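Asks: Take this structure first; my questions come after.
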Amino acid sequence: MRKAGLLDKKPLTATRTMLEMAQRDTGTKKRAWTCYSTYDYIEYETRFYFRAAVSAVGEILEVDLFTRKDLAAGKKEPRFRIFLDREREDFISWNMAEEKWSRAKIDMLPTSDDRYSYSYRGRNLATRETLKLVNRYLKTGRMQDVETAVIDFQARIRKDELTKKHRLITDVIDGYMDTVPDRLPADWMKFINDRAVEHCIFFEKEKKTGYCTHCRLEVPVLGQVTHNMPGKCRQCGASVTYKSWKKQKRVYSSTAVSILQRCTDGENCVYRQFRLDVTMERFAGYVPEIFTKELYRRIFVMTEEEQIIRQEGYVWGEFRNTGIERWCNEGSDIKRGWLNGSGGYGYARSVLYTGNISRLFRNTCLKYIPAAEIFKSMGKTKVNVMAVLGDMKMSFPYEAFWKMGLRQFVRERVKNDGTCGKTRLRYLGDHLKPWQYLEFTKEEMAQAVRLDATDQQMRIIQRASELCVRLTDEQVLWLDRYMGVTVLMDYMHMQTPHRIIRYLKKKIQVETTGSRENRPLHLWMDYLDMVRQLGWDLHDRSVFFPQDIQRAHDEAAVLFTAWKDQTEAEKLRASDAVMHRNAREIKRAFCYRDAAYMISVPGCYQDFKKEGNTQHNCVARYYDAAVKGSCIILFIRRRKAPQKPFCTVEIQNRDGKFAIIQNRAAYNKDAPEDVQEFMKKAVRQAQQIADRMAAEEAERIRMRTAG
């Protein structure tokens, strides 16, 4: 819109009636309650006041917006002058307070007012003449509120502008979306009913019958059945939850289901994800009302040679700020806040339809992998479909493990989104034997297949194999049930598994007390760790299996503490020698002092520790870095009290230049300003000394070389 001439005519001013109404609107004190607090607020009657007239430029309508706050303060001028051009379909606003133009819609103008502090009964006020003029000019067809009429007009213009602006993006998206098949399989609803919906039997205890939401039949309910008890339908065999007819009026659930299909272009495939909402209500006889909405698509390519070589995601939502709901590029083109917000849906775990997978993968690199069987075996468990497809045939031998009988192990891999669980896999290239991925022998692989091992059982066998220990099937199952994969496995090669398990059963009593809160077990594990570091012979049964665990633990702890102190002291002696040499060099440069302050250079670990304890900081953590020369630590002292800690400074040498990194008083507070100035002077002097020393050293080297 051309701005020339729009401001030639003076703005409309507030009438006496408007001023009086705003001043009388002093508000009503109200109280609001939230989950966590109660607060008071003031609610006013009217937020905006409007006046309208034809602008100085013909065929343009001027709508002047006054705020209650301004009018109550006695201001007669409007806050905004809004100009509307019906013929050219354009609008612009003049901000009277800031004296600048704005292209924002009326609902986005900065009025510095909270709209929720106003009553819904009469939020805006305009005379009948103003209402008639605005509605006639904008051709609304009815007497709309001025704000509503203006925002509808502006939103329509903005929508058309953005549609034209973003056509290059939307045309590309529409081209892909047009290739997505229109139809879903004939047994789609059967798949949803069988594998996606959580079913119930609504029973009446007196009648001994109930309604099964899976088979939609009256079925007998026998035995002691209680509300929310899991069970199976005697008619169709479906897993159900029993719900009392008297206690449950309504059941609602929401989940995600998906399908893989070939696009109509014959090249791409599409992953389609739907939100599934299921409602069962008493007044409707508990018949499931199923509603699905497609909210996510991912286009990808899968060939016979390569897996997924390109993939692009699309989300159903509002396209940027156009107000149009359509398919958008995942992440960038969808309105901010839609994804990962309340009610927003992007890619998610889902229950996958498997009826067409074998046919879909027929001429791809997944043609030999029993993907349909694997996904179907997951039942109602939601999985990360695209991640698992990316993992198949790429690094994990799904086909071999599944056909060998390691079904549980494969299913747990799928649950982990195609990543490793506890079991470690070896990736050294293609053409490995199945047991080579696990670094098993053939006998250990046969044992895993015989047990249909889970991920944890596989790791137990694997850890025993690393230690060259052979476990029986019963021992694997016992460790899996009562112990899991713990550090105790590290000691399996020192004593026989039979003796260790017998000790755990009889002495530790793991079977009755469990392993998490078992105090004797924790004491024994601590004891084994200490005596191992002390170098005791753990092949000796009297050492490995103490009869009095508490006493053995306490005695080992005393010896271990003494040994640790001695070891640390020996390490510190070597480090302190280096630190002492560093301190001598540092003192040569950082020797500055004045009438108030001086610098002390720490020379050993105890200096760092004492400073940290007194100043309540973590300077001791910098000891290792100071020994290596990565930083310089200095202590600032008052001349009157040279032994008392005052400030701690960290200096770093950056390409030959000293830089102050930290200068802290006690409790990590900033050092006083005079101390900071003192330190800047000290660094300048130290830099000069260091540069002179470097030059002298270079000259000595030159003279030595010349001689």
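Asks: Take G612 and tell me if it is among the small types (G, A, S) and under 39 Å from the mean Cα position of the chain (by Cα).
Replies: In short, yes.
Asks: Filter the stretch 55-100 for residues that are modelled with pLDDT of 90 or more, under 13 Å from V134 (Cα atoms) and either open to solvent by 40 Å² or more (accessible area, probe 1.4 Å) or over 49 Å from the mean Cα position of the chain (by Cα) (or both) and give the result.
Replies: Selection gives I60, L61, R86.
Asks: So, P397, is that one open to solvent by less than 60 Å² (accessible area, probe 1.4 Å), modelled with pLDDT under 90 and not polar (S, T, N, Q) or not?
Replies: In short, yes.
Asks: While we're here: For the stretch 400-409, what are the residues that are surrounded by 22 or more Cβ atoms within 10 Å (Cβ to Cβ) and either touching a His at 6+ places or on another chain (Cβ under 8 Å) or farther than 15 Å from W435 by Cβ (or both)?
Replies: none
Asks: Follow-up. Do we have W338 as touching an Asp or Glu at 6+ places or on another chain (Cβ under 8 Å), at pLDDT 90 or above and of a type in the set (A, V, I, L, M, F, W, C) here?
Replies: No; evaluated as a whole, the condition is false for this residue.
Asks: I need every pair where a residue in the stretch 422-434 that is at pLDDT 85 or above and open to solvent by 100 Å² or more (accessible area, probe 1.4 Å) has its Cβ under 7 Å from the Cβ of a residue that is of a type in the set (D, E, K, R) and outside any loop (DSSP other than H, G, I, E, B), sequence separation at least 6 or different chains.
Replies: So the pair list comes out as K422/D455; K422/R459.
Asks: If G141 satisfies all but one of (1) part of a loop (DSSP other than H, G, I, E, B); (2) at negative phi, what's the number of the condition it fails?
Replies: Among (1) part of a loop (DSSP other than H, G, I, E, B); (2) at negative phi, G141 violates only (2).
Asks: Name the pairs whose Cβ atoms lie under 6 Å apart, with the first residue in the stretch 346-363 and under 13 Å from D417 (Cα atoms), the second open to solvent by less than 40 Å² (accessible area, probe 1.4 Å), and 6 or more positions between them or separate chains?
Replies: Close Cβ pairs satisfying both conditions: A348/A256; R349/V383; R349/N384; S350/A256; S350/V257; S350/S258; S350/Q273.
Asks: From the list V63, V57, which residue is in contact with a Gly (Cβ under 6 Å, 6 or more places away or on another chain) and in contact (Cβ under 8 Å) with a residue 40 or more places away in the chain?
Replies: Step by step, each of V63, V57 is checked, and only V57 is in contact with a Gly (Cβ under 6 Å, 6 or more places away or on another chain) and in contact (Cβ under 8 Å) with a residue 40 or more places away in the chain.
Asks: While we're on this one: What are the pairs with Cβ atoms under 6 angstrom where one residue, in the stretch 439-451, is open to solvent by 100 Å² or more (accessible area, probe 1.4 Å) and the other, located anywhere, is not in a helix (DSSP H, G or I)? Sequence gap at least six, or different chains.
Replies: Close Cβ pairs satisfying both conditions: E439/R426.
Asks: Let me ask something additional. Look through A686, A625 and report the one residue that is small (G, A, S) and in contact (Cβ under 8 Å) with a residue 60 or more places away in the chain.
Replies: Checking each option against the conditions leaves just A686.
Asks: From F300, F291, F274, which residue is out of contact with any helix residue (DSSP H, G or I) (no Cβ under 6 Å at 6 or more places or on another chain) and open to solvent by 40 Å² or more (accessible area, probe 1.4 Å)?
Replies: Among F300, F291, F274, only F291 is out of contact with any helix residue (DSSP H, G or I) (no Cβ under 6 Å at 6 or more places or on another chain) and open to solvent by 40 Å² or more (accessible area, probe 1.4 Å).
Asks: The conditions are (1) of a type in the set (S, T, N, Q); (2) within 27 Å of T255 (Cα to Cα); (3) modelled with pLDDT under 90; (4) open to solvent by 70 Å² or more (accessible area, probe 1.4 Å), and N363 fails exactly one of them. Which is it?
Replies: It fails just one condition, (2).
Asks: List, please: which pairs have Cβ atoms under 8 Å, are six or more places apart or on different chains, and start with a residue in the stretch 656-673 that is among the hydroxyl-bearing types (S, T, Y) and end with one that is in a loop (DSSP other than H, G, I, E, B)?
Replies: Within 8 Å, the pairs are Y667/H616; Y667/N617.
Asks: Let me ask you something else. Would it be correct to say that R103 is in contact (Cβ under 8 Å) with a residue 24 or more places away in the chain and of a type outside the set (G, A, S)?
Replies: no
Asks: Identify the residue in the stretch 610-625 that is out of contact with any strand residue (DSSP E or B) (no Cβ under 7 Å at 6 or more places or on another chain) and hydroxyl-bearing (S, T, Y) and, among all such residues, is least open to solvent (accessible area, probe 1.4 Å).
Replies: Top of the filtered list is Y623.
Asks: Please go through (1) over 20 Å from A596 (Cα atoms); (2) open to solvent by 100 Å² or more (accessible area, probe 1.4 Å); (3) modelled with pLDDT under 90; (4) of a type outside the set (K, R) for D670 and return the number of the only condition it doesn't satisfy.
Replies: (1)
Asks: Give the number of residues within the stretch 137-168 that are surrounded by 16 or more Cβ atoms within 10 Å (Cβ to Cβ), among the aliphatic types (A, V, I, L, M) and either modelled with pLDDT under 85 or more than 28 Å from N329 (Cα to Cα) (or both).
Replies: 5
Asks: With F409, F375 as the choices, which residue is at pLDDT 90 or above, more than 28 Å from E294 (Cα to Cα) and aromatic (F, W, Y)?
Replies: After ruling out the rest, the residue left standing is F409.
Asks: Okay, moving on. Just to be sure before I move on: is G629 open to solvent by 50 Å² or more (accessible area, probe 1.4 Å), under 20 Å from R581 (Cα atoms) and out of contact with any Ser or Thr (no Cβ under 6 Å at 6 or more places or on another chain) in the structure I sent?
Replies: Yes: the conditions hold for G629.
Asks: Oh, and also: Could you tell me whether R183 is within 25 Å of R262 (Cβ to Cβ), modelled with pLDDT under 95, among the basic types (K, R) and open to solvent by 30 Å² or more (accessible area, probe 1.4 Å)?
Replies: Answer is yes for this residue.
Asks: Any chance you could count how many residues in the stretch 208-234 are β-branched (V, I, T) and out of contact with any Gly (no Cβ under 9 Å at 6 or more places or on another chain)?
Replies: 3
Asks: Only one of L184, L162, L168 is closer than 23 Å to K382 by Cα and among the aliphatic types (A, V, I, L, M); which?
Replies: Unique residue meeting the criteria: L184.
Asks: While we're looking at this one, here's another question. Go over the candidates C328, C263 one by one and state the one that is buried (at least 16 other Cβ atoms within 10 Å of the Cβ) and either out of contact with any Lys or Arg (no Cβ under 9 Å at 6 or more places or on another chain) or basic (K, R) (or both).
Replies: Selected residue: C263, the only one of C328, C263 that is buried (at least 16 other Cβ atoms within 10 Å of the Cβ) and either out of contact with any Lys or Arg (no Cβ under 9 Å at 6 or more places or on another chain) or basic (K, R) (or both).
Asks: While we're on this one: Looking only at the stretch 222-253, count every residue that is in contact with a His (Cβ under 6 Å, 6 or more places away or on another chain) and either at positive phi or of a type in the set (D, E, K, R) (or both) and tell me the total.
Replies: Within the stretch 222-253, residues that are in contact with a His (Cβ under 6 Å, 6 or more places away or on another chain) and either at positive phi or of a type in the set (D, E, K, R) (or both) number 1.
Asks: Go through A126, A186, A196 for me and flag whichever is touching a Ser or Thr at 6+ places or on another chain (Cβ under 9 Å) and small (G, A, S).
Replies: Among A126, A186, A196, only A196 is touching a Ser or Thr at 6+ places or on another chain (Cβ under 9 Å) and small (G, A, S).
The values are calculated or read from the model by the stated rules, or taken from the named source; none is laboratory data. Every value quoted in this text rests on a predicted model; they were computed, and no experiment measured them. So basically every Cβ, Gly included, is an ideal-geometry build from the backbone, and we count neighbours across all protein chains shown. The protein model used for the area step is the full one, side chains on, heavy atoms only, and it has no ligands, DNA or RNA in it. Shrake-Rupley method; radii C 1.70, N 1.55, O 1.52, S 1.80 Å.
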